Amino acid sequence: MTQDPSEIEIPRIRRGEPHTVQTRGLTLLRSGHRAVRRLKREHEPSIHGNKVWNSSFLIMDELTRRQRAGEIGPGSHLMDIGCGWGPLAIFAAKRLGCRVTAVDADADVFPYLALHAAINKVEVETLRCRFERLTKQRLNGVDVITGADICFWDELTPVLFNLIRRALGQGVKRVIIADPGRSPFYELAERCEARFNARVVERRTQTPRSLSADLLIVESD
């Protein structure tokens, strides 16, 4: 399914408007914005897809570094898993020129993603799918997988480990998962470091405010 910005009613966003964030070439809405409140009347995400999660910004910065190194850009296929409202997917499409597939198990996040895609004038392909159902066929042709704040339950650790294993086996070049420091994430990182070419790096930013997160970066051999 592709979200077409021309089909979405786009609110007029003024720079500095309350409940908005302008950063990294994107315009994002906070949960208190009138357009978001309007969507909430009909769509209430149930799997934590209720805001823009901060770890997204640290992955954006990492992708920018990779772009400068020539490792990602137009022609790359990026899959953002647990995409939520879609800031990371939209960044990859708008700023990096990637083909993007935004994946989430919760259908109610996609109207928020469509709203943000329309505001930022990009199109993002969407897929409703659970992590464990991202088969080798679904992963075929994907170059990079990203995920921000997605390893928040203990039961997600083995699910994400197996997904990373399938992805690398299918030719995915790089997986980048960010988290502010939850124990299931560190368990995932330890398992990946023991099995794959993986490392954890700490990242910080002052934009749009002071933020930090650890990034698990897994690369194909």
- Task: Can you tell me how much longer the chain between E193 and N140 gets when fully stretched, taken as 0.36 nm per residue apart minus their C-alpha distance, in nm with one decimal?
- Result: 16.7 nm
- Divide by every residue of the chain the summed helix terms, -39500 (n - 2.57) for each DSSP H run of at least 4, and state the resulting mean residue ellipticity at 222 nm, rounded to the nearest 500 deg cm²/dmol. -9500 deg cm²/dmol
- Message: Can you tell me, using C-alpha contacts under 8 Å and at least 6 residues apart, the relative contact order of the chain as a whole percent?
- Response: 20
- Note on the structure: Applied in sequence order to region 81-94, the curve 6.51 cos²θ - 1.76 cosθ + 1.60 (Karplus, θ = phi - 60°) yields integer Hz couplings, x standing for Gly and Pro, of 9, x, 5, x, 6, x, x, 5, 4, 5, 4, 4, 6, 7
- Item | Selection from L39, I119, G16 lying farthest towards where the dipole of the chain points positive, charges on Cβ | G16
- Dipole moment magnitude, nearest 20 debye, region 2-219 about Cα centre, only Lys, Arg, Asp, Glu C-beta charged: 620
- Measuring from the lowest to the highest alpha carbon on each principal axis, how far does the chain reach, largest first, in angstroms? 49, 36, 35
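Efficiency by 1/(1 + (r/R0)^6): what FRET value for E125 and H19, r their Cβ-Cβ distance, R0 = 25 Å, to the nearest 0.05?
So, using R0 = 25 Å, E works out to roughly 0.35.
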- Task: Within 10 Å, count the other beta carbons around each residue, average over each peptide in 81-93, 125-137, 108-120, and list them highest first.
- Result: 81-93, 108-120, 125-137
- Within region 153-214, which GluC sites (Glu not before Pro) sit in a loop by DSSP and count at most 13 neighbouring Cβ atoms inside 10 Å? E155
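Each reported figure results from applying straightforward, stated rules to the coordinates on display, with no laboratory input. As the structure is a computational prediction, the values presented were derived from the model and not from experiment. Note: ideal-geometry Cβ built from the backbone for every residue, glycine included; neighbour counts use all protein chains shown.
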